[in-house]
1. Given +1 on the Cβ of Lys and Arg, -1 on the Cβ of Asp and Glu, and no further charges, what dipole in debye does segment 11-72 carry about its Cα centre, rounded to the nearest 20?
2. Residues of segment 3-105: accessible area per residue at 1.4 Å, in Å²?
3. Divide by every residue of the chain the summed helix terms, -39500 (n - 2.57) for each DSSP H run of at least 4, and state the resulting mean residue ellipticity at 222 nm, rounded to the nearest 500 deg cm²/dmol.
4. Can you find, among 126, 141, 30, the residue sitting farthest towards the positive end of the charge dipole of segment 1-145, where Lys and Arg contribute +1 and Asp and Glu -1 at Cβ?
5. Pop out the carbon and sulfur fraction of the accessible area of segment 48-105 as a percent, whole number, probe 1.4 Å.
6. Note down the magnitude of the dipole of segment 117-164 about its Cα centre, charges +1 on Lys and Arg C-beta and -1 on Asp and Glu C-beta and zero elsewhere, to the nearest 20 debye.
7. Long-range amide H contacts for residue 60: which residues qualify at under 5 Å (H placed 1.01 Å from N, peptide plane, sequence gap of 5 or more or a different chain)?
8. Per residue of segment 59-66, in order, report the coupling 6.51 cos²θ - 1.76 cosθ + 1.60 (Karplus, θ = phi - 60°) as ³J(HN,Hα) in whole Hz, putting x for Gly and Pro.
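The values are calculated or read from the model by the stated rules, or taken from the named source; none is laboratory data. Because the structure is a prediction, the values reported are computed rather than measured. Note that we place each Cβ from the backbone using ideal geometry, even for glycine, and neighbour counts take in every protein chain shown. Ligands, DNA and RNA are stripped out before the accessible areas are found, and what is left, the full protein with its side chains, is counted by its heavy atoms. Shrake-Rupley method; radii C 1.70, N 1.55, O 1.52, S 1.80 Å.
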Amino acid sequence: MKKAISVLSGGLDCTVATCVFDEEYEIHAITFDYGQKAVKQEINASKRICEKMGWMHEVIDLPWLSKISTSSLNTDADIPELGEDDLDDLDKSSETASSVWVPARNTVFTSIALSYAESIGAEIIIVGWNGEEGATFPDNSKQYMEKFNELIDVGSPDKIRIEAPAIDLNKEEIVELGIKVGAPMELSYSCYKGDDKPCGVCESCVRRKRAFKKLNIKYD
């Protein structure tokens, strides 16, 4: 069976994205610990998802990334809170994105995933990058994915590509895709703050909550 590396944080987007390829690929999921507030919950969610889906799972520690980061995700800084109406305000959402930005995070994660892919002979790297977050996070954008794939073409001896099935989708569409592919979305965890119960007011929680609300699906 063909092999795939999944960059799996345990969140909604990467869970759905990985499930798209579940039947065709043997999934090797990797979860990163970079000192984020939600690391415990992200690892637990990823483990539960992998156990349910029958995927291999490994946690990779990146203590150096925590040390150099000034992000509110992995420092003592408060994580911004916002309302549903703020999500479509580009100035407010850009300000929030700036607060939670971890230096070159997706570049680091994807580079490590590429190393793993070369090591085990995987053909694809699965990521949860999506259209909604790509508006304020440049390393979630379609252009970023295309450039990274160009880099792999030039810099890797193997035929490996990044696959992001949600790259053109908003959160509502991601949930719809998750339903279609039978993704265990109920096991995913998206909160930035890392409490046992999602805070419901950080940007990640609000985007997730709005998507389920629009589809008349009970949000937990």
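1. 460
2. Each residue of segment 3-105 exposes 46 Å² on average to a 1.4 Å probe.
3. Value at 222 nm, helices only: -13500 deg cm²/dmol.
4. Positive-end residue among those listed: 30.
5. 46
6. That gives a dipole near 60 debye.
7. Result for residue 60 returns 31, 32, 33.
8. Result, rounded to whole Hz: 9, 10, 8, 10, x, 5, 5, 5.
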